[in-house]
Amino acid sequence: MIIRKEKLDKIRQMGFNPYPHEFNQTHQSTEIKNNFDQLEEKVVSSAGRMMSVRLMGKAAFCHIQDQQGRIQIYLRKDQIGEDVFQLFKILDIGDYIGITGQVFKTKTGEISIYAKEFQLLSKSLKPLPIVKEKEEDDGAKVVFDQFADKEMRYRQRYVDLVVSPEVKDVFIKRSKIITAIREFLNKNDFLEVETPILQPIYGGAAARPFVTHHNTLDIDLYLRIANELYLKRLIVGGLDRVYEFAKDFRNEGMDRFHNPEFTQVELYAAYKDYRWMMDFVEQIVNHIAQSVLGGAKILFNEHEIDLSPPWRRLTMFDAIKEFSGVDISEMDESALKNTAKKLNIEITPEMGVGKIIDEIFGELVEPNLIQPTFIMDYPIEMSPLAKKHRDNPRLVERFEPIIGGKEVGNAFSELNDPIDQRERFMEQVKLKDRGDLEAQALDEDFLRALEIGMPPTAGLGIGIDRLVMLLTNQPSIRDVIFFPQMRPESK
RNA sequence: GAGCCAGUAGCUCAGCUGGUAGAGCAGCGGCCUUUUAAGCCGUUGGUCCGGAGUUCGAAUCUCCGCUGGCUCACCA
């Protein structure tokens, strides 16, 4: 650090600007490599961060890294001049440089740029961890001194991204996945909208919120745990297909599947039901897989998963029967409690029917659903915003797509009967009084909207972080969020 | 929130049953005009996470704390 600052002074004394304002780039690294035949002998300008240097007296090789990859640069003192070569010699790995020169292939066959002009673009003052790679004869890559400390990787993601191309890859894919979803929804006449993050009543999901305070109004507000109720208000308003990519916030535990803020896309389509939505989910996911991964087969956790439709569809009761051997479809609360005990599922007194079934399902069924599966027809108690099943009033028309043993979304035929909705909210209030911290609050304004009238509607939420984990085969949510939540550094 | 594990140089790590800290890479000074983990010669560098204790003596043993990872519990 001290040495690098001295170098900075020296560079200035030599008459070079260590932080110039611009550089005119004509080609990216992989562009040059992919079009070598056309570009050979042509002059190109390229820029990037210097990632390796091999200095050899009056000549030198280095690699620069741009967003796409790396390319080798060859410099000779007699080409770029004494002064500039002196400058090059004191540069460090991590500095940004720009070069102009001819594209050529070295003796060993590596496509490189033979520099005619060379310029420092930005001086780096802190060293990067130097990761070295070697290609074995069999083509396998051996990595030396990998930047492995997870804490540092998460806290200093900028370093992680510079030093680990595969990390950068995951995030590029994340961005492409989001783009693919947006494309697909826009193509299907959905309108992208924005709804409040600061909400006076939090709703639309079962979770504990973050609370904040608005000074002027002198009221507490909640960071949204979901945007469901607002998007439905827009359906009431006559916007027939809407979606929002939403950061939601839940004040709960953190682990490799949970970050306090996470991303969901929620979408609503008027005049449709959950069956239509199942087809739609199959299409969406396949569109993503095709456009981002180029195929429907993915590898996740050693499992090969085939995303191509149709996916298996299974009711929740049938799923539990299949994996536990017990038919719970006719059981009341006390029978369920006994069954849960027999199956070694932990339950607590404040749990209602819905929660108990959810526990059994989560414990015995979900982890076993590796290939894409729609679990459908949930008990009414656990889904206060979903419409009653057309054939069975104890159930609702709801499904969750489960892939790789984890739910990646949640969807219903939306409840649009205002009187039924009010009764369901009242049930939630009772649960809250029993001590369920996650029971949903009654939202009068939302009820008023339903009273104005909402058309039959299908709704869906997809957890973007989990979907990205699945499609990029990452074990932790922290590996798909640039800056995951961490305790602040002490100094 | 609970359990297990970890924290030594910029990075990756070694350091045995306690004897006063080491390697490779990076850095620094040289040599080298087709190298690629470049090479060769030389060299700097550490509150061994923090605090307390045991001991003649602690990176090493004990306790407390901090930070993180993994697993479990709640939730997406």
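Structure values in brief
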read-out	value
Tabulated pairs, the stretch A:473-487, first free of Cβ contacts under 8 Å to residues at least 24 places away in the same chain, second among the small types (Gly, Ala, Ser) and part of a loop (DSSP other than H, G, I, E, B), C-beta under 8 angstrom, 6+ apart or interchain	none
Wholly within the stretch A:255-341, strands (runs of 3 or more DSSP E) carrying at least 1 residues that are at pLDDT below 90 and touching a helix residue (DSSP H, G or I) at 6+ places or on another chain (Cβ under 6 Å)	A:297-300
Residue in the stretch A:69-110 that is nearest to A:Phe36 (Cα to Cα), counting only those that are surrounded by fewer than 20 Cβ atoms within 10 Å (Cβ to Cβ), within 9 Å of RNA strand B (Cβ to nearest atom) and aliphatic (A, V, I, L, M)	A:Ile93
Positions within the stretch A:218-261 being among the aromatic types (Phe, Trp, Tyr) and more than 15 Å from RNA strand B (Cβ to nearest atom), in sequence order	A:Tyr230, A:Tyr243
Near pairs, Cβ below 6 angstrom, 6+ apart or cross-chain, from the stretch A:287-300 (surrounded by fewer than 14 Cβ atoms within 10 Å (Cβ to Cβ)) to any residue that is of a type in the set (D, E, K, R)	A:Lys297/A:Asp306
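Table: residues versus (1) farther than 30 Å from A:Ala270 by Cα; (2) more than 11 Å from RNA strand B (Cβ to nearest atom); (3) under 19 Å from the mean Cα position of the chain (by Cα).
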| position | (1), (2), (3) |
| --- | --- |
| A:Asp149 | yes, no, no |
| A:Arg155 | yes, no, yes |
| A:Val167 | yes, yes, yes |
| A:Ile178 | no, yes, yes |
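The values are calculated or read from the model by the stated rules, or taken from the named source; none is laboratory data. Quick caveat: nothing in here was measured; it's all calculated off a predicted structure. All Cβ positions, glycine included, derive from the backbone under ideal geometry; neighbour counts span all protein chains shown.
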